[in-house]
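The values are calculated or read from the model by the stated rules, or taken from the named source; none is laboratory data. All of these numbers come straight from a predicted model, not from anything done at the bench. Positions of Cβ are generated from backbone atoms using ideal geometry, with glycine treated the same way; all protein chains shown enter the neighbour counts.
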Amino acid sequence: MSNDADDAEDVDDADADQEFRTERDSLGEMQVPAEAYWGAQTQRAVENFPISGIAFDRRFVRALGIVKKASAKANNELGLLDDDHAEAIVAASDEVIAGAHDAHFPVDVFQTGSGTSSNMNANEVIANRATEISGGEVGTKEIHPNDHVNYGQSSNDVIPTAMHVAALEAVEKDVIPALSALADELGRKEEAFDGVVKTGRTHLQDATPVRLGQEFGGYRTQIEKGVRRVASTREHLAELALGGTATGTGLNTHPEFPTLAAQFISSETGLEFREADDHFEAQAAHDAMSEAHGALRTVAGSMNKIANDLRLLASGPRNGLGEIEQPENQPGSSIMPGKINPVIAEAVNQVHKQVVGNDAAVAAGAARGELDLNLYKPLLAHNFLQSATLIANSAELFGERFVARLEANEAHCAEQVEQSMALATALNPAIGYDDAATVAKQALDEGKTVRQVAVEEGYLTEEEADEVLDPRAMTERVILGMED
């Protein structure tokens, strides 16, 4: 076993074996790993922010590539970037968009609040790769990260633009499809379970009968409304800050650049983006991210509620509610043989708690920043995209590996309904509330059903009891009184 000194020596040996090249920025020279496409500013960020070990995810890196590609094409069309430089930048950006260089985006999420380090990371990677594509050597800056790749841009408008592109792509391509599929799966169970009458419960106490299908219909509607809530955030996420440069004034940017770049971004993503209504708002505040994440938090809460309900309905199998039978996804205990737990539903519950935590961070971050710039951009992007990924993945698994495999315990449900004291509610129109309460209390005290007591005590005949105490009829909006 190695001790700490041995471990340190191993690290030093590894560093000694690694080859470096020298790159320069405005602060001087930096040693950069020879195989890295990033440059001096990224290297400084790597050394300045060894905080979480968490780099930006695929969606955000892809969005950076999209912004840089669109900017190069717009600047080329406006005559501000020559064809050779533009073509090389577009080719390098395409590789970033495709994920070919994700390993070259090492900057920690917890960095400068504007995200300048990540913008320069993209600029340097694309510039070096574009130089290489053009036949030059990495590090020579034949295609320059600032003068060419970042032309007419600032970190202050690039990063919020990438945030919105990544967020809307995550919503449209991950979250909404996964939630829609979950709603469809719940809808299939709604139909399959429509004939299963069971005990309703309010306050965790027996209440009037419902159909299991009706409960699943409620779940379906809850998720469908969640989809609409998430989709309603499109309008504001579609606004792009690009073109505002440092403070929103658009200094060093062609007047036609923002609209043209937004068109190229729309073409690349297949989604509709547009120039921000107000560049000062788009860079100084990020209410759109807060609003959109609030919709994610809400639908995560919907999934949490449904998962909790299904865990309760499947509790048992012999000493719980046992109204539905859950899938056997994996052994549930390392000590209790044969135990099966609702593991997928529990994962959904945990996702909700993480999303709630992320929402607190997003809400706090979106409300901060001073004067002309919000300084929580990396935090907002990371938390939003993590929530979107968690919701999309858990919704897909919840639908496929849990909801789809549920079965109704119809006989047990019928037995429980017959034993329920809440059946006495249907007696109200027939014999009045006071007598119905007497029947319910007597049934409970004597361990009998409401039907037995109502007939034995002469409140109803057998035929009348069949009509008034029909559990299936109680699940509809009708008055079950007797005719005079």
Subject >> Top-ranked residue of the stretch 188-201 - restricted to ones that are within 28 Å of the chain's Cα centre (by Cα) and surrounded by 18 or more Cβ atoms within 10 Å (Cβ to Cβ), ranked as farthest from residue 213 (Cα to Cα) >> reply: 189
Subject >> Failed item in (1) touching a residue at least 12 places away in the same chain (Cβ under 8 Å); (2) on the phi < 0 side of the Ramachandran plot; (3) surrounded by fewer than 20 Cβ atoms within 10 Å (Cβ to Cβ), with residue 87 passing the rest >> reply: (1)
**OP:** Being in contact (Cβ under 8 Å) with a residue 60 or more places away in the chain, of a type outside the set (Asp, Glu) and out of contact with any His (no Cβ under 9 Å at 6 or more places or on another chain) narrows it down to one of 220, 228, 188, so name that one.
**Re:** 188
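Can you pull out the residues in the stretch 222-250 that are over 27 Å from the mean Cα position of the chain (by Cα) and in a helix (DSSP H, G or I)? Explain how you work it out, then say what you get.
Within the stretch 222-250, the subset over 27 Å from the mean Cα position of the chain (by Cα) is 243-250.
Within the stretch 222-250, no residue meets the criteria.
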**OP:** Would you check if residue 445 is over 21 Å from residue 202 (Cα atoms) and surrounded by 15 or more Cβ atoms within 10 Å (Cβ to Cβ)?
**Re:** no
**OP:** Inspect all residues belonging to the stretch 368-376 and state whether any of them is more than 17 Å from residue 109 (Cβ to Cβ) and without any contact (Cβ under 8 Å) to a residue 12 or more places away in the chain.
**Re:** yes
**OP:** Scan 274, 297 and give me the residue that is assigned by TED's automatic domain parsing to the domain that holds residue 211, among the charged types (D, E, K, R) and under 13 Å from the mean Cα position of the chain (by Cα).
**Re:** 297
Original post:
Condition test on residue 118, is it outside the structural domain of residue 290 (by TED's automatic domain parsing) and buried (at least 22 other Cβ atoms within 10 Å of the Cβ)?
Top reply: yes
**OP:** Among what's in the stretch 322-364 and is in contact with a helix residue (DSSP H, G or I) (Cβ under 8 Å, 6 or more places away or on another chain), farther than 30 Å from residue 384 by Cβ and without any contact (Cβ under 8 Å) to a residue 60 or more places away in the chain, pick the residue that is surrounded by the most Cβ atoms within 10 Å (Cβ to Cβ).
**Re:** 332
Original post:
Just checking, which of 46, 11 is in a helix (DSSP H, G or I), among the hydrophobic types (A, V, I, L, M, F, W, C) and at pLDDT 95 or above?
Top reply: 46
Subject >> Unmet requirement for residue 334, which otherwise passes all of (1) farther than 20 Å from residue 225 by Cβ; (2) of a type in the set (Ser, Thr, Tyr); (3) touching a Lys or Arg at 6+ places or on another chain (Cβ under 8 Å) >> reply: (3)
**OP:** Take the residues in the stretch 127-143 that are among the hydrophobic types (A, V, I, L, M, F, W, C) and more than 15 Å from residue 34 (Cβ to Cβ), then tell me which one is surrounded by the most Cβ atoms within 10 Å (Cβ to Cβ).
**Re:** 127
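Every residue, every condition in (1) in contact with a helix residue (DSSP H, G or I) (Cβ under 9 Å, 6 or more places away or on another chain); (2) of a type in the set (S, T, N, Q); (3) part of a loop (DSSP other than H, G, I, E, B); (4) in contact (Cβ under 8 Å) with a residue 24 or more places away in the chain, yes or no:
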{"position": "118", "(1), (2), (3), (4)": "yes, yes, no, yes"}
{"position": "124", "(1), (2), (3), (4)": "yes, no, no, yes"}
{"position": "128", "(1), (2), (3), (4)": "yes, yes, no, yes"}
{"position": "131", "(1), (2), (3), (4)": "yes, yes, no, yes"}
{"position": "138", "(1), (2), (3), (4)": "yes, no, yes, yes"}
{"position": "157", "(1), (2), (3), (4)": "yes, no, no, yes"}
{"position": "171", "(1), (2), (3), (4)": "yes, no, no, yes"}
**OP:** Evaluate the following for residue 96: is it among the aliphatic types (A, V, I, L, M), crowded, with 23+ Cβ neighbours inside 10 Å, within 32 Å of the chain's Cα centre (by Cα) and under 24 Å from residue 135 (Cβ atoms)?
**Re:** yes
**OP:** Return the pairs, sorted by first residue and then second, in which the second residue is outside any helix (DSSP H, G or I) and surrounded by fewer than 16 Cβ atoms within 10 Å (Cβ to Cβ), the first residue lies in the stretch 464-484 and is at pLDDT 85 or above, the beta carbons are less than 9 Å apart, and the residues are 6+ apart or on different chains.
**Re:** 464/482; 467/482; 468/481; 468/482; 472/195
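How do the helices (runs of 4 or more DSSP H) wholly within the stretch 373-458 filter down when requiring 2 or more residues that are closer than 25 Å to residue 313 by Cα and touching a strand residue (DSSP E or B) at 6+ places or on another chain (Cβ under 7 Å): which remain?
Here the list reads 410-419.
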